[in-house]
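The values are calculated or read from the model by the stated rules, or taken from the named source; none is laboratory data. What you see is a predicted model; the values in this text were computed from it and never measured. Every residue, glycine as well, gets a Cβ built from its backbone with ideal geometry; the counts of neighbours run over all protein chains shown. Please note that ligands, DNA and RNA were not included when accessible areas were found on the heavy atoms of the full protein model with its side chains. Shrake-Rupley method; radii C 1.70, N 1.55, O 1.52, S 1.80 Å.
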Amino acid sequence: MTGGVVLYAFCHGLSSSLIGAPLTGMEQDEILVQASRQGDLDGFNLLVDRYQGQVYNLALRVLHDHAAAEDATQETFVAAFRGLASYRGGSFRAWLMRIAVNRCHDELRRQRRRPAQSLDRPLGPEDQPPEVADPVAGPEDLALQRERGRALAGLLLDLPPDQRVAVVLSDVQGFSYEEIAAATGAGLGTVKSRLSRGRARLRDLLAGQGELFALPERPKAEGGAAGGGER
Amino acid sequence: MPPWPLKDTHRWVRRELSAYLDGRLEAAAARRMEAHLVGCARCREELESLRDTVAALAALPQTPAPRSFRLTPKDVERSKATPVWVGWLPALRLASAAATVLLLMVLGADALLYPPALPAPAAMGLAAQAPKEGITREAAQQVPPAVEGTPAPTLRDAAPGAGPAPAPVASQPGTPAVAPDRATDGGAGAPALRRIAMFLVALALMLLGATAGLTLARRVRGY
């Protein structure tokens, strides 16, 4: 175990035992980044373990191709390790996602230049790796969930890349507006606008999918508007 | 709440529904939104369909990473081995684009300010139709000669360092009517622009060549 990891474990244990409050995710990231900057590859790989799922899923939803998403994920972490000096604090996740978003845009540009080799096609059943399913869902629910996931992933491709990235980061990955702004280099107003347009477009596309996305009838609220702000 | 026309209110509501769903509206805007939603079944439906869309996205299953993306010392070494010039490529692309734009501007200015000379026979034929000829010649003719026999100023005289120029040939009977700026190489303006253009051609070609070469090398080597 190298110095950075020892430091991380030490800080985590110290804060837990003395203060009673474990380090937040951002604080842990900060310690691991400091260790990685000293060349501690094990420390950096703890960050890889933490974020590889998010980076891969972002790339997969944006690129819609497993091989391209895999390449983009690997390149993201290599670029992140090389570029740690340019990380100026704040959300490491957003900083990392910015690299991933740039890699995805590079790949989309490459696909546009070479349309013959475009990977912009719906993933077939053979392309689908095992997905984390709801353990309490029955077989029918699981099948429906899979089918919906496949259809929705395909429909995301109909969004312009900027809107697609914003929608995936917000609604699939759960990023805040501020994190999306940091991850995309856009202002908060632009993020809001991209989300609004992307969601509206996706809603129209879903409406054309027939029964697959038909939700059970909900009682119409008489006079009481359904409130927002729960997120 | 300003008394907006209903059409504008609908438009505003639909634009802001997404932010309202995320709780990102200011308190006053949220109150206005709710007041509208209470009385507008259509906008309520829009809100619900948007909420369903967000819920469907949130329910998208996460795909586990197909493998570990942990970096090995070999990955790090390979990334360090990337040549320095790979980092120059964006700047090089920008520089070649800028040089090309500058070149086009200089060529455009050269063509506008110094139109090409007419072929001699045609120019002679047109000598009698002075008012219909090019701007340069017109301008030259419009300058009143200060003293009989002294050279009249031409456009190129405006260029610093230009020596005394011969009188416009069109004013001398029997002399071929050639635009004075192109007739001789003694002027400073056009040759200076041409020199700049030549320099920019060379620069743009050099930068474009370097960019193309390095991009190709990057593709081949897979950096």
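In the stretch A:176-210, the residues that give up 10 Å² or more of accessible area when the other protein chains are added, compared with the chain on its own (1.4 Å probe), are A:Tyr177, A:Glu178, A:Lys192, A:Ser196, A:Arg199, A:Leu202, A:Arg203, A:Leu206.
Per residue of B:25-36, how many C-beta atoms from partner chains lie within 10 Å of its own C-beta, taken as a mean? Mind dumping the intermediate values first?
Details: counts 3, 0, 0, 0, 0, 3, 0, 0, 3, 5, 1, 1.
Mean shielding by partner chains, rounded to a whole number: 1.
Note on A:Glu147 and B:Arg70: the model spin-label points, each 7 Å out from Cα along the C-beta direction, lie 4.1 nm apart. Computed from backbone phi, the HN-Hα couplings of the stretch A:191-205 come to 4, 4, 5, 5, 5, 4, 5, x, 5, 4, 5, 5, 4, 5, 5 Hz, rounded to whole numbers (Karplus: 6.51 cos²θ - 1.76 cosθ + 1.60, θ = phi - 60°; Gly and Pro given as x). Computed from the C-beta positions of A:Arg114 and B:Val38 and an R0 of 51 Å, the FRET efficiency is 0.45 to the nearest 0.05.
Excluding ligands, DNA and RNA and using a 1.4 Å probe, chains A and B jointly bury around 4700 Å² of accessible surface, summed across both partners. Would you mind checking the stretch B:37-76 for residues with the amide N under 16 Å from a putative spin-label position 7 Å along Cα→C-beta of B:Arg14? Hits in the stretch B:37-76 for B:Arg14 at 16 Å: B:37, B:40-51. Spin-label model, B:Lys7/A:Asp106: points 7 Å from Cα along the beta carbon direction are separated by 4.8 nm. Label-to-label distance, B:Leu216 versus B:Leu112, with points set 7 angstrom from Cα along the beta-carbon direction: 3.6 nm. Taking amide H as placed 1.01 Å from N in the peptide plane, the amide H of B:Asp22 sits under 5 Å from that of A:Gly229, each at least 5 places away or on another chain. Using θ = phi - 60° in the Karplus curve 6.51 cos²θ - 1.76 cosθ + 1.60, the 3J(HN,Hα) couplings for the stretch B:22-27 round to 8, x, 9, 8, 4, 4 Hz; x is entered for Gly and Pro.
Kindly identify the stretch B:6-58 as rounded, prolate or oblate by the Cα gyration tensor criterion: order the square roots of the eigenvalues as a ≥ b ≥ c, call it rounded if a/c is under 1.5, otherwise compare a/b with b/c, prolate if a/b is larger, else oblate.
Since a/c reaches 1.5 but b/c is at least a/b, the shape of the stretch B:6-58 is classed as oblate.
Taking amide H as placed 1.01 Å from N in the peptide plane, the amide H of B:Cys40 sits under 5 Å from none that are at least 5 places away or on another chain.
Among the GluC sites (Glu not before Pro) within the stretch B:26-79, those in coil by DSSP and having at most 13 neighbouring Cβ atoms inside 10 Å are B:Glu26. Note on the stretch A:137-214: with neighbouring protein chains present and a 1.4 Å probe, carbon and sulfur make up 50 percent of its accessible heavy-atom surface.
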